Amino acid sequence: MSDPAAIAQLVLKHRHGLLAYLYAAVPDAHAVEDLFQEICLVAVRKAADFEDGSDFAAWARAIARHKVHEHLRVRRGVHVDEAFFDSLDAAFPAAVDDRRKDVLRRCLEKLQSHARQLLSWRYDDGLSPTEIARRTGQSRAAVNSILQRVRETLRACAGAP
């Protein structure tokens, strides 16, 4: 992806995850904010290196890993074994996924049962909107509209952009 503006948007979208990663490695709020700014600059500068369709969060965490390592080694004079970063990298995606699942679960519980049923048919069972429309007696357009509103409600509840 060669669009620095798009990369900047992705960095902002993943801000909370990157900050959590940084705080796990460097428990100094001022240093974390400085590191986050540096990560933003590097990500925008290296926008052409990011391949569309790949895992942006992992790519950004690799930049964060390098910046944290540099920060600890150069600014703090601390040598951190690579095993520290390996364990942080291994644990971090699982922790983020668990938090997202918990948030999504709470948001799903707030939905009416009809909306949860439509989501289940669509995403758990893989039914198309046309097939769901047949089951419910609604038009395909109505099903699409309901699903879109439910997705927007979930995004708002989960705090996603």
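The values are calculated or read from the model by the stated rules, or taken from the named source; none is laboratory data. No experiment lies behind these values; they were computed from the predicted model shown. Every residue, glycine among them, receives a Cβ derived from its backbone with ideal geometry; neighbour counts consider all protein chains shown. Ligands, DNA and RNA are stripped out before the accessible areas are found, and what is left, the full protein with its side chains, is counted by its heavy atoms. Shrake-Rupley method; radii C 1.70, N 1.55, O 1.52, S 1.80 Å.
Which FRET efficiency, nearest 0.05, do Ser139 and Asp86 yield, Cβ-Cβ r, R0 45 Å?
That pair, Ser139 with Asp86, gives E of 0.30.
Per residue, what accessible area does segment 49-161 have, given a 1.4 Å probe and all protein chains present, in Å²? Walk me through the numbers on the way to the answer.
Working: 7300 Å² over 113 residues.
Value returned for segment 49-161: 65 Å² of accessible area per residue.
Give the separation of the Cα centroids, segment 13-86 to segment 112-155, in Å.
Answer, in whole Å: 39.
Tell me, which cysteines of the chain are without a disulfide-compatible partner by the Cβ under 4.7 Å rule?
Flagged as lacking a Cys partner: Cys40.
What label, among (i) 2.13; (ii) 1.34; (iii) 1.20, belongs to Cα Rg over 2.2 N^0.38 Å computed from the structure on display?
Identified label for the calculated read-out: (ii).
Under 8 Å for C-alpha pairs, at least 6 residues apart: give me the relative contact order for the chain, rounded to a whole percent.
Across the chain, relative contact order equals 20 percent.
Considering only protein heavy atoms and a probe of 1.4 Å, how much of the accessible area of the chain is carbon and sulfur, as a whole percent? Intermediate results must be reported in sequence, preceding the final value.
Values: 5200 of 9840 Å².
On the chain, the fraction of accessible area on carbon and sulfur atoms equals 53 percent.
How many lysine pairs does the chain hold where the Cα atoms are under 22 Å apart and the two sit 8 or more places apart or on different chains?
Values: Lys13/Lys46; Lys13/Lys67; Lys13/Lys101; Lys46/Lys67; Lys101/Lys110.
Lysine pair count for the chain: 5.
Could you work out how far helix 15-25 tilts from the main Cα principal axis of the chain, as a 0 to 90 degree angle to the nearest 10?
Relative to the chain, helix 15-25 is tipped by roughly 40 degrees.
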